[in-house]
Structures are given as C-alpha cells and as structure tokens.
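Participant: Pasting a structure below so you can have a look.
The values are calculated or read from the model by the stated rules, or taken from the named source; none is laboratory data. Just so we're clear, the structure is a prediction, and the values are computed from it rather than from any experiment. Glycine also receives a Cβ, built like all others from the backbone with ideal geometry; neighbour counts cover every protein chain displayed. Remember, those area values only see protein heavy atoms, side chains included, never the ligands or the DNA or RNA. Shrake-Rupley method; radii C 1.70, N 1.55, O 1.52, S 1.80 Å.
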Amino acid sequence: MARWSTLCERAFDEMGDIVAGAKVNADEDRMVGHYWLRDADLAPAAEKAKIEAVRQHEVPAFAAQVHSGEFAAPGGGKLRTCSSSIGASVVLTGR
C-alpha cells in the first residue's frame, strides 16, 4: 500500500503542476489542457476565450447541422451516434 500511496501522491503533485501551467508537452514546448474543456476557468486567458467561443458558437452550430441532417452519416443516412474525442476525453451521444 505504501508504494501506491507514493505513486498517487506523485500523480496529484504532477497534476497540480499541469494545472498551474507547467509546459509538459516537451515536443511543442507548451502547456496541455484537455481538462480546460471541463473547466475553462483553469485555462490561460487566451485559451479560455477560444474555449468559450467554441462552446457558444461552434458546438451549437455543429449540433444544429447534425439535428437538421445537414451533417449526415456515411451514405447520407441520419446520424444516430456522434463520438467526439479530444486527447483522452471522449464524449459519446446517441439516440
């Protein structure tokens, strides 16, 4: 149990660093923020503005296209399930 406790403590410390803005994407020398989509208040100001714009305009516009049939399933049929993935975050909706 002590090993697990140590690993969990390390994971929470590292997540705290990520939330605080550590640049953990070494290849691109930038922060990561998939979780910003769940809580935009944690994002830097410029990213927060982009997230809010997508939430307020692009997501509703895409949803309207799906509901109207403008965005259709392959072969032109009605889209019954829509899966959206950003990194490890997946949202699955269906009717």
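Participant: With axes computed from alpha carbons, what is the tilt in degrees of helix 2-19 against the longest principal axis of the chain, rounded to the nearest 10 within 0 to 90?
Facilitator: 60
Participant: If you don't mind, there's one more thing I want to ask. Keeping all protein chains in position, work out how much accessible area LYS50 exposes to a 1.4 Å probe, and write it in Å² to the nearest 10.
Facilitator: It works out to around 120 Å².
Participant: Let me ask something else about it. Relative contact order of the chain, please, whole-number percent, based on alpha carbon pairs below 8 angstrom and at least 6 residues apart. Can you show the working numbers first?
Facilitator: On the way: 60 pairs, mean separation 12.5, N = 95.
The normalised contact order for the chain reaches 13 percent.
Participant: Next up: Evaluate the charge dipole of the chain about its Cα centre and quote only its size in Debye, nearest 20, assuming +1 on the Cβ of each Lys and Arg and -1 on the Cβ of each Asp and Glu.
Facilitator: That gives the chain a dipole magnitude of about 520 debye.
Participant: Follow-up question, since we're still on this one. Taking only Cα atoms and a 10 Å spring cutoff, compute GNM fluctuations for the chain and point out the largest among ASP41, ASP27, ASP17.
Facilitator: Evaluated over the chain, the most mobile residue of the options is ASP27.
Participant: Where q = 0.11, 0.24 Å⁻¹, what log10 of I(q)/I(0) comes from the Debye formula for the range 1-78, counting one point per Cα?
Facilitator: Values returned for q = 0.11, 0.24 Å⁻¹ are -0.52, -1.06.
Participant: Would you tell me the accessible area of SER5, worked out with a 1.4 angstrom probe on the heavy atoms of the protein chains, in Å² to the nearest 10?
Facilitator: 70
Participant: Summing -39500 (n - 2.57) over the DSSP H runs of n ≥ 4 in the chain and dividing by its residue number, what mean residue ellipticity at 222 nm do you reach, to the nearest 500 deg cm²/dmol?
Facilitator: -12000 deg cm²/dmol
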